[in-house]
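Taking it in order: structure first as structure tokens, then the write-up.
The values are calculated or read from the model by the stated rules, or taken from the named source; none is laboratory data. From a predicted model like this one, the values you see are computed outputs, not experimental measurements. Here Cβ is always computed from backbone atoms with ideal geometry, including for glycine, and neighbour counts include all displayed protein chains. What goes into the accessible areas is simple: the full protein's heavy atoms, side chains included, and nothing from ligands, DNA or RNA. Shrake-Rupley method; radii C 1.70, N 1.55, O 1.52, S 1.80 Å.
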Amino acid sequence: MRRSTFFSFVAPSVMSMLILIALPLVAIIYLSLHQSYTQMEIKEVKTEVPLFGGKTREVIRNVPQPVLDDNGNGIQVWEYVGAQNLKNAIDTEGLSAAFKADQELETPRSFIKALFDEVRDVDFWSALEFTLIYTFLTTPIIIILGFGLALATNRLTERLRGPVVFVTLLPMIVTPVVSSLAVYWLFVDGGVIAASLEAMGIGKFYFLADQFTIRAVIVAYGVWYAAPFAFIILYAGLQTVPDDPIEAAIIDGASPWQRVRYIVIPHLSPLFAVIALIHIMDSYRVFEPILVFGSRVFANSVQYLTYYTLVFEDNIHKAAAYAILTVLGVIVLLIPIMIKTFKDQKAGK
Amino acid sequence: MKPAKLHIVTRSIFGLGLWFWFFVALLPFFWMFVISLRAPVDAFSTPPKLFAPMTLENFRYIWVEDGFWRYALNTTVVTALTVVVSLTMASLAAYALSRYRGSIGFWLLMAAMVFRAMPHVVLLTAYRPAFFELGIWSRYETLIIVLVAINQPFAIWMLRAFFMNIPQELDEAALVDGCNRWQAFYKVIVPVMWPGIVTAGLFCFLLAYNDFLISSQLMNGDMSTMTAALGSYMGQNQSVARLMHGIAGAVSITIPIIILVFVFQKQIVSGMTAGAVKG
């Protein structure tokens, strides 16, 4: 294909990505370097205060009011503040204080404690903490669960496989806001799960009122939501495992577990890597369960933190600073994938 | 792989595990369907009841009196146009990427991979002030073009995987016969690509239909999509009656998806495995 033809084919797609994805990435850098406010001035306001018998008294007060332009709109002032927004977001002062605490006491324990307090107190660090907990807890679980389900489904007859795949697809395909809500309604106080656990005599739970349980519920949601993805990929992978080595292994007297361990798992290892990479990218932007469970105080995510700052605090500059930090995180996560793809590309040439 | 002959205990562990997963996967949806058909008193009673009188009142209220049909209409317009436009643009680009040998194609794919991983809130942060300034807030065109752009990286990667499977000889033959690239694309390649295009279309549909973050912020009031409108029924300080309407809304959103999975199960599975399993 000629270069010019190539460009005309990709032009619409590339243009849309440039304007609506690449340009916003540049824009958030600009936004985070600035601070804006409505220009205010102190004005004398005279008001007539009624006293009694129809008499009034004139009161003069100094009231801050927005400066208006010719059209009667407030004037927005944009000010360059450099990296100040970013520094506030990651709380550099608090961080360096944590390091100083270490120098004074010189025990690793006190240092860890200071760092831990910092993580708990600063929005960004606590959001990052739970995002990483969520990501790195769910990844191994969905791979193991998905593999187990794939092996179990592989044992079924043809007629049963269809329904199993159908049911398994639902948690993953149904609108995440809706599926989060569906899980949320199971765990509300006095809901189905809490009542069942109480009836079984395990204890009384208020899942949404405690940091540990709400985090556990969100992680469980993440597993329920993402395990189907691992299952589908690994189940498709199982169909490609060649029969010859397995038959040879049977003749050599390998147990079923040894066959899985030494033939199936090595055969599927590229798939495990693909699942882990895609899932890590997706769970880094976990959003819906945090929104639906209203768990911001106990378990926040970087994407929800940015959303909250943008929508509820209405502070685009602070949100832009969080957004930049989020993008940096994405890039760190992507580097291994990009290096691998780059090597594959070179090897292919 | 043929299943191995297992000891009875191991076999029953596998069987039970699968049944347990079946139960766990369905339970949240099952319960949501059940309580959507109840009066508020029965839906959130303590302890929860397994059986209670059923009513369609929640659905009647939300669709007839709350105007949920308007949100459904918005969703239909937005998702249909998003799917058509995304597929047109992405299949052109993906075809070119599968046939072009230069290194620029590789860098484009890498950029698309980075874009695919971008959390959507990052983009929203920039859209918010920009669209407000431009005065293009809460319009079909705006949401559609944004969703199309967000769809591109994923659609390109998936469609490219499908195009790679179509032998180059096919379009070369068309070129020899006197077609130019465009004619070769839509007369020869597109007709054999329909299965791949349908599969990619399903995923574009799901992305547009399921999106809450962008849709809820770019559209307001009567222009909301169904998923975004759900936001106004949620929250801790809503009355139980309103919450019940929200549950009916959530079920209304789920039903089309269940039908979709039922009809297109094979395509969804092949789409998910297209990129991963083949390499």
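For region A:191-236, the set of residues classified as part of a helix (DSSP H, G or I) and aromatic (F, W, Y) consists of A:F207, A:F212, A:Y221, A:W224, A:Y225, A:F229, A:F231, A:Y235, listed by residue number. Taking the listed residues B:I156, B:I136, B:I62, the one that is at pLDDT below 95, surrounded by 21 or more Cβ atoms within 10 Å (Cβ to Cβ) and farther than 30 Å from B:V192 by Cβ is B:I62, with no other qualifying.
Each residue in region B:174-199 was checked for being free of Cβ contacts under 8 Å to residues at least 12 places away in the same chain and either open to solvent by less than 20 Å² (accessible area, probe 1.4 Å) or assigned to a helix (DSSP H, G or I) (or both), and 8 of them qualify. Of the residues making up region B:106-116, just one is under 15 Å from A:K340 (Cα atoms), within 7 Å of chain A (Cβ to nearest Cβ) and aromatic (F, W, Y), namely B:F106. Here the helices (runs of 4 or more DSSP H) wholly within region A:237-326 that include at least 2 residues being modelled with pLDDT of 90 or more, under 13 Å from the mean Cα position of the chain (by Cα) and crowded, with 18+ Cβ neighbours inside 10 Å are A:265-284, A:288-293, A:302-311. Taking the criterion of being β-branched (V, I, T), closer than 23 Å to A:P176 by Cβ and free of Cβ contacts under 8 Å to residues at least 24 places away in the same chain, the residues of region B:23-79 that qualify are B:V24, B:V34, B:T76. Of the numbered criteria (1) of a type in the set (S, T, Y); (2) open to solvent by less than 50 Å² (accessible area, probe 1.4 Å); (3) within 9 Å of chain A (Cβ to nearest Cβ), the one B:S103 fails is (2).
Residue selection: A:A347 satisfies the criterion of being open to solvent by 50 Å² or more (accessible area, probe 1.4 Å) and more than 10 Å from chain B (Cβ to nearest Cβ). Considering every residue within region B:200-222, establish whether at least one is modelled with pLDDT under 90, within 24 Å of B:R160 (Cα to Cα) and surrounded by fewer than 21 Cβ atoms within 10 Å (Cβ to Cβ). No. Given the criteria open to solvent by 40 Å² or more (accessible area, probe 1.4 Å) and not small (G, A, S), does A:L186 qualify? Taking the combined requirement at face value, the residue does not satisfy it. Just wondering, is there one or more residues in region B:228-247 that are open to solvent by less than 40 Å² (accessible area, probe 1.4 Å), within 11 Å of chain A (Cβ to nearest Cβ), of a type in the set (V, I, T) and not in a helix (DSSP H, G or I)? Within region B:228-247 (the criterion being open to solvent by less than 40 Å² (accessible area, probe 1.4 Å), within 11 Å of chain A (Cβ to nearest Cβ), of a type in the set (V, I, T) and not in a helix (DSSP H, G or I)), the answer is no, since none of the residues qualifies.
Among the residues of region A:251-271, none qualifies, meaning not one is facing another protein chain (nearest Cβ under 7 Å) and among the hydroxyl-bearing types (S, T, Y). What number goes with the only condition from (1) over 14 Å from the mean Cα position of the chain (by Cα); (2) among the aliphatic types (A, V, I, L, M); (3) at the interface with chain A (Cβ under 10 Å from one of its Cβ atoms) that B:V192 does not pass? Of (1) over 14 Å from the mean Cα position of the chain (by Cα); (2) among the aliphatic types (A, V, I, L, M); (3) at the interface with chain A (Cβ under 10 Å from one of its Cβ atoms), only one is false for B:V192: (3).
Given the criterion open to solvent by less than 40 Å² (accessible area, probe 1.4 Å), at the interface with chain A (Cβ under 7 Å from one of its Cβ atoms) and over 21 Å from A:P171 (Cα atoms), identify the matching residue among B:A25, B:A4.
B:A4
Does at least one position in region B:66-84 carry a residue that is crowded, with 16+ Cβ neighbours inside 10 Å, within 28 Å of A:V327 (Cα to Cα) and in contact with a Phe, Trp or Tyr (Cβ under 6 Å, 6 or more places away or on another chain)? Yes, because at least one residue in region B:66-84 is crowded, with 16+ Cβ neighbours inside 10 Å, within 28 Å of A:V327 (Cα to Cα) and in contact with a Phe, Trp or Tyr (Cβ under 6 Å, 6 or more places away or on another chain).
Among the conditions (1) within 30 Å of A:H317 (Cβ to Cβ); (2) without any contact (Cβ under 8 Å) to a residue 24 or more places away in the chain, the only one that A:W185 does not satisfy is (1). Across region B:40-59, the qualifying residues are those that are charged (D, E, K, R) and within 19 Å of B:S239 (Cβ to Cβ), and the one among them that is least open to solvent (accessible area, probe 1.4 Å) is B:D42.
Just the residues that are touching a residue at least 24 places away in the same chain (Cβ under 8 Å), open to solvent by less than 90 Å² (accessible area, probe 1.4 Å) and either more than 8 Å from chain B (Cβ to nearest Cβ) or β-branched (V, I, T) (or both), please, taken from region A:30-58. Matches in region A:30-58: A:S32, A:L33, A:H34, A:Q35, A:S36, A:T38, A:Q39, A:E41. There is at least one residue in region B:46-59 that is in a helix (DSSP H, G or I), under 29 Å from A:W224 (Cβ atoms) and more than 9 Å from every other protein chain (Cβ to nearest Cβ).
Tell me yes or no: at least one residue of region B:221-230 is over 16 Å from B:T79 (Cβ atoms) and free of Cβ contacts under 8 Å to residues at least 60 places away in the same chain. For region B:221-230, residues over 16 Å from B:T79 (Cβ atoms) and free of Cβ contacts under 8 Å to residues at least 60 places away in the same chain: absent.
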